[in-house]
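Here the structure comes first, spelled out in C-alpha cells, and everything after it is commentary.
The values are calculated or read from the model by the stated rules, or taken from the named source; none is laboratory data. None of these values were measured; they are calculated from a predicted model. Cβ placement follows ideal geometry from the backbone for every residue including glycine, while neighbour counts extend to all protein chains displayed.
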Amino acid sequence: MELVNCEEVEGNIVGLGNVWRFPYLCYRNGGGAFLVPYVVVVVTCGIPLFLLESAMGQYTQQASITCWEKLCPIAQGIGYTGVIMRVYNCMSYIVILAWALLYLCFSFYAKLPWASCGHTWNTENCEDFDALNKYNQTINSSLTSPAIEFWERRVLAISGGIDKLGSVRWEILLCAIAMWVICYFCIWKGVKSTGKVVYFTATFPYVMLLVLLIRGLTLPGALQGIVYYLKPELTPLLDPQVWMEAVTQVFFSFGVGGGVLISLGSYNPYNNNCYRNCFWLCLLNAATSLVAGFAVFSVLGFMAHEYNVGIAEVAESGPGLAFIAYPQAVAMMPLPQLWAICFFIMIILLGLDSQFVMMEGVIMPVIDLAPTVLRRPGRRELLLLVFSLFCFSMSILMVTEGGIYVLQVFDYYGTNASSKLFLSSLQCLIMGWIFGAERMCDVIEDMTGVRPSRFFSFCWRYLTPLVCTVSLIGALANYKPLTFNRTYTYPGWVNVLGWMMTLSSGLAVPVLAVYLLCTGKGSLKQRCIHLCQCADDLPLTRKQREELSKLTPDAL
C-alpha cells in the first residue's frame with residue numbers, strides 16, 4: 001500500500017509543468033540563477049507544506065474536507081475550496097490530454113501532417129521548414145511554419161474570440177471521451193484499480209524522458225540549447241517577478257495548497273514514514289524538472305541550429321512547447337514518427353497521472369462526507385460516473401473552435417496561484433497556532449518514529465505564511481486582465497466571470513466559518529473555542545499517553 005501511495009503522490013507532483021513550464025522559466029529568468037529562488041521556495045514552502053498536508057491526512061485518515069472537521073472544524077472551508085478548485089482543474093486538464101491523444105494519432109501517419117505545407121488547412125503564408133531556414137530573417141514576420149498552422153487551423157480551427165465559439169471539433173471531442181473512459185475505469189474501484197495502473201503511468205514517462213534526453217543530446221546544436229538553459233545571469237534575481245515565478249512553479253508542481261496531498265495521505269497506514277517519503281518525493285520532483293530541461297532545451301538548441309537563429313526565437317512554454325515547438329523539432333529529425341510517438345506518450349501518461357489524482361481528490365472527500373451512503377457497493381462507481389459526465393458536459397465548451405479561450409479562463413482564474421497561496425497561508429497559521437506546530441511535530445514523531453526538525457515548526461508558524469502572504473499580495477498587485485497570445489484581449493465580462501470563479505472557491509472559507517459560528521450552541525466565545533478544538537477520537541500520541549497515564553495511572 002505504501003509503494004502504491006508513493007506512486008500516486010509521484011503522479012500528482014510530477015506532471016506536465018515539470019516538462020513544459022520549469023525549463024522555460026529557467027531560461028527566461030536567469031538560467032541557472034533561477035535555481036536560487038526555486039530552491040529557496042522549495043525549502044521554505046514546498047517541503048514544509050508537503051510534509052504538513054501528507055501528515056494531516058495520514059493522522060486523521062480522512063480526506064481534505066473531513067480532515068479539517070477533525071483538526072479544526074472552523075476551517076472546514078479550506079477543504080471545500082480545494083475541492084472546487086480541483087473540479088475546475090478536471091474540466092480543463094482533460095482537454096489537454098485530448099489534444100495530446102489527437103497528436104499521437106497523427107504521429108502514426110506516413111508523413112507527419114505538421115511537417116509540410118500544401119494541405120487544405122494551410123495558408124499562402126505557410127512555408128516549409130527548409131524555406132523558413134533559408135529565409136530565417138522573416139521567421140517572425142509574414143511567414144508561418146506548418147506546425148503553427150496545423151495547431152491553429154487544423155487541430156483547433158481557432159476562432160476570432162471567446163464570443164465566437166463556433167462548432168464542436170469532433171476529433172477533439174472523441175479524444176476527450178476516450179480520455180474520460182480511460183480515467184474512469186482506471187480509478188473506479190479506488191486504490192485497488194488505481195494501484196495497478198499507477199505503476200505503469202508513474203514510471204513509464206521516465207523511460208520516455210530518458211529516451212528523449214539521449215536523443216536530444218546527440219543532435220547538432222544541443223549544447224547551445226543547454227548553455228542557454230543553464231547560463232546564469234544574476235541580474236534577474238533582483239526582480240520580484242522572478243521570485244513570484246518560482247513560488248508559482250513550486251506550488252503547482254508540488255501539488256500543495258489544494259488538499260490533494262491530504263486526501264492521498266489518508267490512504268497511508270498510521271505508521272507510514274511520511275517524513276522520509278516527503279524528502280524523497282520532493283527531491284524527485286525537482287530532479288525531474290531539471291532533467292526535463294535538458295531534454296527540452298537540447299531539442300530547442302537543435303531547432304535554433306537548423307534555423308540559424310537564437311534560442312529566443314524558438315523557445316516556448318506550455319501548450320506552445322508541446323504542440324508547436326517540439327512537434328516542429330521532431331519533424332526535422334530522422335525517424336520523426338518514432339520521436340513524436342515517444343513524446344506524446346510521455347505527455348499523455350504524465351497528464352493521466354495528474355488527472356487520476358485530481359479526480360480522486362474530488363471523489364474521496366465527498367465519500368468521506370457521507371460514508372454510510374457512499375461506501376456501499378456500487379455507490380463509488382456511480383458517484384464517479386456522475387462526476388465524470390458533469391465535467392465532460394462542461395468541457396464541451398473547450399472543444400469548440402473558440403474552446404482554447406474558455407480553457408485559458410479556467411486555467412487563469414479557476415485554479416490560479418492566488419487561491420493556493422491564500423489556502424496555504426491560512427492552513428499554516430491554523431496548524432501552527434491553533435492546532436499547534438509542536439503538537440504536529442509530536443504527531444509526526446508518533447507516526448514515523450522521527451521528530452521533524454525545529455525548522456519545520458518555524459516554517460509552519462512564521463516563514464511559510466509570510467512567504468505565501470507576501471507572494472499573494474504581489475500576485476494581486478501585479479494582476480493583469482487576461483489576454484491570449486499577447487494579442488487578443490478578452491471582453492470585460494470574461495474577467496468579471498473569471499473573478500467570480502476565483503471567489504466561488506475562496507469564499508467557502510469565510511462563509512462556512514460564519515455559518516458554523518451562527519448555528520453553534522452556547523455563547524460566541526464557547527462556539528469559537530469549540531470550533532477550534534480537534535475531535536476527541538483522534539489517535540493519542542505517545543507523549544499524550546504518557547501525560548494521561550501520570551494523571552490517571554489506571555486509565556491505561
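Observations
- VAL399 surrounded by fewer than 18 Cβ atoms within 10 Å (Cβ to Cβ) and either of a type in the set (A, V, I, L, M) or free of Cβ contacts under 8 Å to residues at least 60 places away in the same chain (or both): no
- Residue among VAL509, VAL467 that is in contact (Cβ under 8 Å) with a residue 12 or more places away in the chain, under 26 Å from the mean Cα position of the chain (by Cα) and closer than 28 Å to VAL242 by Cα: VAL467
- Checking each residue in segment 98-131 for being surrounded by 16 or more Cβ atoms within 10 Å (Cβ to Cβ) and in a helix (DSSP H, G or I) picks out ALA98, TRP99, ALA100, LEU101, LEU102, TYR103, LEU104, PHE106, PHE129.
For (1) at pLDDT 95 or above; (2) more than 22 Å from MET303 (Cβ to Cβ); (3) not acidic (Asp, Glu), each residue gets a yes or a no:
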{"residue": "ARG86", "(1), (2), (3)": "no, yes, yes"}
{"residue": "LEU101", "(1), (2), (3)": "yes, yes, yes"}
{"residue": "SER107", "(1), (2), (3)": "yes, no, yes"}
{"residue": "CYS117", "(1), (2), (3)": "no, no, yes"}
{"residue": "CYS126", "(1), (2), (3)": "no, no, yes"}
{"residue": "PHE129", "(1), (2), (3)": "no, no, yes"}
{"residue": "THR144", "(1), (2), (3)": "no, no, yes"}
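- Of all residues in segment 518-528, none are in contact (Cβ under 8 Å) with a residue 12 or more places away in the chain, among the polar types (S, T, N, Q) and either under 28 Å from ARG86 (Cα atoms) or surrounded by 11 or more Cβ atoms within 10 Å (Cβ to Cβ) (or both).
- Note on segment 182-297: enclosed helices (runs of 4 or more DSSP H) holding 3 or more residues that are within 30 Å of ILE473 (Cα to Cα) and in contact (Cβ under 8 Å) with a residue 12 or more places away in the chain are 240-254, 260-265.
- Test: residue in segment 345-359 that is part of a helix (DSSP H, G or I), of a type in the set (S, T, N, Q), buried (at least 19 other Cβ atoms within 10 Å of the Cβ) and modelled with pLDDT of 90 or more: yes
- Of all residues in segment 517-547, those satisfying the criterion of being aliphatic (A, V, I, L, M) and under 14 Å from PRO73 (Cβ atoms) are LEU517, ILE529, LEU531, ALA535, LEU538.
Residues checked against (1) touching a residue at least 24 places away in the same chain (Cβ under 8 Å); (2) farther than 26 Å from PHE254 by Cα; (3) touching a Pro at 6+ places or on another chain (Cβ under 6 Å):
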position	(1), (2), (3)
ALA331	yes, yes, no
GLU360	yes, no, no
THR372	no, yes, no
GLY378	no, yes, no
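- Just one residue in the set CYS534, CYS518, CYS528 is outside any helix (DSSP H, G or I), more than 30 Å from GLY160 (Cα to Cα) and either modelled with pLDDT of 90 or more or hydrophobic (A, V, I, L, M, F, W, C) (or both); that residue is CYS534.
- Residue within segment 432-454 that is in contact with an Asp or Glu (Cβ under 7 Å, 6 or more places away or on another chain), of a type outside the set (D, E, K, R) and in contact (Cβ under 8 Å) with a residue 24 or more places away in the chain present: no
- Answer residue from segment 298-339, given it is farther than 23 Å from PHE22 by Cα, of a type in the set (A, V, I, L, M, F, W, C) and part of a loop (DSSP other than H, G, I, E, B) and is nearest to the chain's Cα centre (by Cα) among those: ALA331
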